[in-house]
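Read the structure below first, then the notes.
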Amino acid sequence: MNSAGILVKWKFSRLVRTVPFYLLIAVCMIVSLGYVPFLLNEGVETAGELLCKTQSNIASMLDLFAGIFASLCIAHDMQNRFVSAAVMTGNKISRVLFAQVLGFAGTLFAAVFVPCIWSCLIGGAVVGFGEVSFAACLIEAAVYAFVCVAAFGIVIPFSFCIKGEGFSCIVNLIVLILCWCGAEFLFELEMNDFLSYTAFGQVFMMCGGDFSAAALLKAFAVGTVSLAGIYAVTYVILRKMELK
């Protein structure tokens, strides 16, 4: 196994021994699935519709919890010099950054994808899938989880450069709230053309129930570009920081 693989394994082995890792996934699971009976009582007609409403609820929660998790996942390692130690032992900054980002992204992806699939299965058993197949719901849920990672991943650079977990939590929370409110404001102004090219815009728009291949491909492309930009910005920040 190369050094990048070792770093990724090291990151995840540490994550799965922490409370925040399970807490984030558990909160998304419990709260989102707790809404399922209420959504069904409100007249949800298909599993696809239930999936979209579940995704909206999860995204609302992540606007509060993703920033906190980023601080406990990334800022914690910076504060305790785990990142510096990894660099000092000869690992490239790009590989260390990749492991850190993958740890955050993997956890966030699971926190969105798993409860979405469960709600979809429940909806399929209760009201049926309608015109949208389970396979289509599965792909849509995976793309949506990826887009959420790209959108809420905007706090990654802040988590690396702000010293202190507590202060990082506050800054991350402010950043996400501002991004969420900004996207919501533009969505209400019906500026969908602009929003469709932003990860936060896709978080809102994908809850509209468009399962078409074109819409999913565009959302995936936007998420990919956004994550690449976040990685590049964070890499530049780390290159200029004194890590040794």
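Multiply the residue separation of THR224 and VAL236 by 0.36 nm, subtract the distance between their alpha-carbon atoms, and state the gained length in nm to one decimal. Mind dumping the intermediate values first?
Details: separation 12, 0.36 × 12 = 4.32 nm, distance 1.85 nm.
Gain in length upon complete extension: 2.5 nm.
Mind ordering 192-202, 226-236, 148-158 by average Cβ neighbours within 10 Å, highest first?
Numbers: 192-202: 18.7, 226-236: 16.3, 148-158: 25.5.
Ranking, from highest mean packing down: 148-158, 192-202, 226-236.
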Set the Förster distance to 45 Å, then compute FRET efficiency between TRP118 and LYS163 from the Cβ-Cβ distance, nearest 0.05.
-> 0.70
Once you sort the root eigenvalues of the Cα gyration tensor of segment 1-110 as a ≥ b ≥ c, which label holds: rounded (a/c under 1.5), prolate (a/b larger than b/c) or oblate (the other case)?
-> prolate
Can you pick out the pairs among LYS92/LYS218; LYS11/LYS163; LYS218/LYS240 whose Cα atoms lie more than 30 Å from each other?
-> LYS92/LYS218; LYS218/LYS240
What is the Cα centroid distance between segment 165-244 and segment 6-24, reported in whole angstrom?
-> 24
Cα convex hull of the chain, projected area averaged across orientations, nm² | 13.5
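We did not get these values from a lab; they are worked out from the coordinates using the rules stated. What you see is a predicted model, and the numbers here were worked out from it, not measured in a lab. Cβ coordinates were reconstructed from backbone atoms using ideal geometry, including for glycine residues, and neighbour counts include every protein chain displayed.
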